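The structure under discussion appears below in the form of structure tokens.
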Amino acid sequence: MQKQLKKAKAVAVRINGLPRDLTSIDSLEEGTLVEAITFDSEEGKEIYRHSTSHVMAHAVKNLFPEAKVAIGPAIEDGFYYDFDIGRTFTPEDIAAIEKEMEKLVRQNSPIVRKEMSKQEAADFFTEKGEPYKVELLAAIPDETVTVYEESGFVDLCRGPHLASTGRIAAFKLLSIAGAYWRGDEKNKMLQRIYGTSFNNPKDLKDYLNFLEEVKKRDHRKLGKELDLFSLSENVGGGLVLWHPMGALIRKTIEDFWRDEHQKNGYDFVYSPHVGRATLWETSGHLGFYKENMYSSMEVEGQEFYVKPMNCPFHIEIYKNRLRSYRDLPMRYAELGTVYRFERSGVLHGLLRVRGFTQDDAHIFVAPEGMEQEVIQVLGFVVRMLRTFGFEEFTAYIATKPEKAVGDDRMWEQATQALRIAADKAGLAYEMDEGGGAFYGPKIDIKIKDALGRLWQCSTVQFDFNEPERFDMNYIGVDNQQHRPYMIHRALLGSIERFFGMLVEHYAGAFPLWLSPVQVSVLTISERHADYARSLASALGARGVRVETDLDSEKIGNKIRKSTIRKIPYSVIIGDKEASENAVMLRRRNGENIGPFGVDELISFLLEKINSREVRT
RNA sequence: GCCCAUGUAGCUCAGUCGGCAGAGCACAUCCUUGGUAAGGAUGAGGUCACCAGUUCGAUUCUGGUCAUGGGCUCCA
């Protein structure tokens, strides 16, 4: 069996369904079911990286005996370990720690599991001067705990672990950051070191390359390079300035969004940016959302608040007159800009801002129409996201939490509608039991980008709270008053975040239909300027976004400038083209498509633009 | 908000152990009219993030503020 496990490159085993150390098979009875856990599984990675974090802690203790160790779990893509060292780690420290870790790995010490009573362990760690471990122990309910030892370094740990330190084939320390003890800002700030490990050097290298690629695609970097947007300290943190190039992309997204909503039965509304305090009291925002709202302003003795959400306004429009079941479902859509207070430390480019535009809509629907409506919404979501070039989605359905408004029947009915709708839309989904907001169940959709990263954009949420608070009604067939169901939904989420994600997904090279400049006209020499101008106006007249480069530069220089700006197509014109009323067409990837007549060029481009072709 | 780091020309970054600051790219002008990722010359650009303090003198030292980055926490 030892051999088999070795052959399978097991990092640990599962015995009777429970993860165990490899060494634990020595004391097994005949016939026990043993499964190998390998690095390929999530569980295997976790064990592997957890062991790496122990080795890192050992290295830190070797180099800084005064350091106190806190916790060091595996996380997605790696691990971390928190230390209390009384100062910050420097990059030099990290290099030294890596070196020390290499030494420990080379020593290939066995990692040995030991059981002790809780009291023994507490005494042991107290004596060792490890108060954090003692505190952790106090929270463990069991009487017996396990510790793991490798060449003298002992750590409290449930395990399992790799059999020996030599099994760690490739690791890298990635970053240093402050982190509160147990994630609570009232506690002491510890020093956290992040790292990752893999079971072969190539995979580590691939992962590091992935991190490089992530850096290259960073929307903040590309946003600057492509002149899409900026943030100014004179304006304030988290408040976005859209430059012409970014604004053009945004407009294209919004135009498309509006057209699709119109086709899908939505009505457009507009609402103000501020509203009276009484409105927010009625909606409940001043009760449960106040910490995210900007402080009030006083106008002629009345309090006003900047809106953090659009819903109360849409509800007011609904309530402006008596509604009949014949009016339902009503779908009010608005690209509504909202402002939410975010703590300064969490702001991040376009992905986390203080002012953003939701592609919001509120749907008011009779209970009997609710399921059909949700099915339609999810289908709409998927079609919309596909157009932007996303193919893989996962949905998360969040159900009733402990504290909630609305009766169980409503929750059950709405949750069931979400399930059915997800099935019909062909969405794989996971249940997030008890994860709903207090006012209703919801379904969030995560999309996978070009690098395989997941982003949450779309959300469809039931709201049992506001129809009640605003006393919303409609007259049914029975001539009685009924309460409508209300659904909040956003497909892109926030335009800012969606845009930031698109920049990263496409690495700034947008598909033709979204590109702010679709074609650049490059002249070989100045005598082609007139032809370039007439060509540009012919393209412009057909709605193609075009620029000319008439500089007295060589063609290589103009191609370079056009390529750096990631303009999808360049047309090159010289004597030959001018005399034949033609162009030479070139893709931004360097591919030369060949000579085109002017009309041929226009129909070639329009075909791709109008079909919103993702691949350019 | 908290911890740490950072803030010098439009961008990327040097530099000043306290004595009125520099490169490359971009920009402007001129020369060049060249066929697929950088032709050449010249020039203009900075209250060294902001506000105080120490000092004969602060971009440099000290304190504060703001912003940005990496985290903690939270979310669209």
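The values are calculated or read from the model by the stated rules, or taken from the named source; none is laboratory data. It should be emphasised that the depicted structure is a prediction, and the values quoted were computed from it without experimental measurement. Neighbour counts run over all protein chains shown; Cβ positions are idealised from the backbone, glycine included. With ligands, DNA and RNA removed, areas are computed over all heavy atoms of the protein, side chains included. Shrake-Rupley method; radii C 1.70, N 1.55, O 1.52, S 1.80 Å.
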* Could you tell me whether the range A:302-312 includes any residue that is away from RNA strand B (no atom under 15 Å from the Cβ), open to solvent by 50 Å² or more (accessible area, probe 1.4 Å) and either assigned to a strand (DSSP E or B) or free of Cβ contacts under 8 Å to residues at least 60 places away in the same chain (or both)? => yes
* Structure fact -> Within the range A:177-210, residues over 15 Å from A:Asp82 (Cβ atoms), within 26 Å of the chain's Cα centre (by Cα) and either open to solvent by 50 Å² or more (accessible area, probe 1.4 Å) or more than 14 Å from RNA strand B (Cβ to nearest atom) (or both) come out as A:Ser197, A:Phe198, A:Asp203, A:Leu204, A:Lys205, A:Asp206, A:Tyr207, A:Leu208, A:Asn209, A:Phe210
* Structure fact -> Note: among A:Leu231, A:Leu174, just one is under 30 Å from A:Val11 (Cα atoms), within 12 Å of RNA strand B (Cβ to nearest atom) and open to solvent by 60 Å² or more (accessible area, probe 1.4 Å), namely A:Leu174
* Asked: Going by the structure shown, is A:Arg560 in contact (Cβ under 8 Å) with a residue 40 or more places away in the chain and closer than 21 Å to A:Leu228 by Cα?
  -> no
* Considering only the range A:192-289, give the helices (runs of 4 or more DSSP H) lying wholly within it that have at least 1 residues that are modelled with pLDDT under 90. => A:201-217, A:285-288
* To do: For A:Leu512, state whether it is out of contact with any His (no Cβ under 7 Å at 6 or more places or on another chain), hydrophobic (A, V, I, L, M, F, W, C) and farther than 29 Å from A:Gly452 by Cβ.
  => no
* Can you pull out the residues in the range A:305-354 that are under 21 Å from the mean Cα position of the chain (by Cα) and among the charged types (D, E, K, R)? -> A:Arg340, A:Glu342, A:Arg343, A:Arg352, A:Arg354
* Asked: A:Tyr132: over 19 Å from A:Phe39 (Cα atoms), open to solvent by 10 Å² or more (accessible area, probe 1.4 Å) and at pLDDT 85 or above, yes or no?
  -> yes
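Here's the yes/no breakdown for (1) free of Cβ contacts under 8 Å to residues at least 40 places away in the same chain; (2) open to solvent by less than 30 Å² (accessible area, probe 1.4 Å); (3) aliphatic (A, V, I, L, M):
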{"residue": "A:Leu239", "(1), (2), (3)": "no, no, yes"}
{"residue": "A:Thr278", "(1), (2), (3)": "yes, no, no"}
{"residue": "A:His285", "(1), (2), (3)": "yes, yes, no"}
{"residue": "A:Lys319", "(1), (2), (3)": "no, no, no"}
* Tabulated pairs, the range A:491-511, first farther than 23 Å from A:Asp444 by Cα, second polar (S, T, N, Q) and within 12 Å of RNA strand B (Cβ to nearest atom), C-beta under 9 angstrom, 6+ apart or interchain -> A:Ala509/A:Asn589
* Structure fact -> Residue count, the range A:334-356, condition assigned to a strand (DSSP E or B), near RNA strand B (Cβ under 6 Å from one of its atoms) and touching a strand residue (DSSP E or B) at 6+ places or on another chain (Cβ under 6 Å), comes to 1
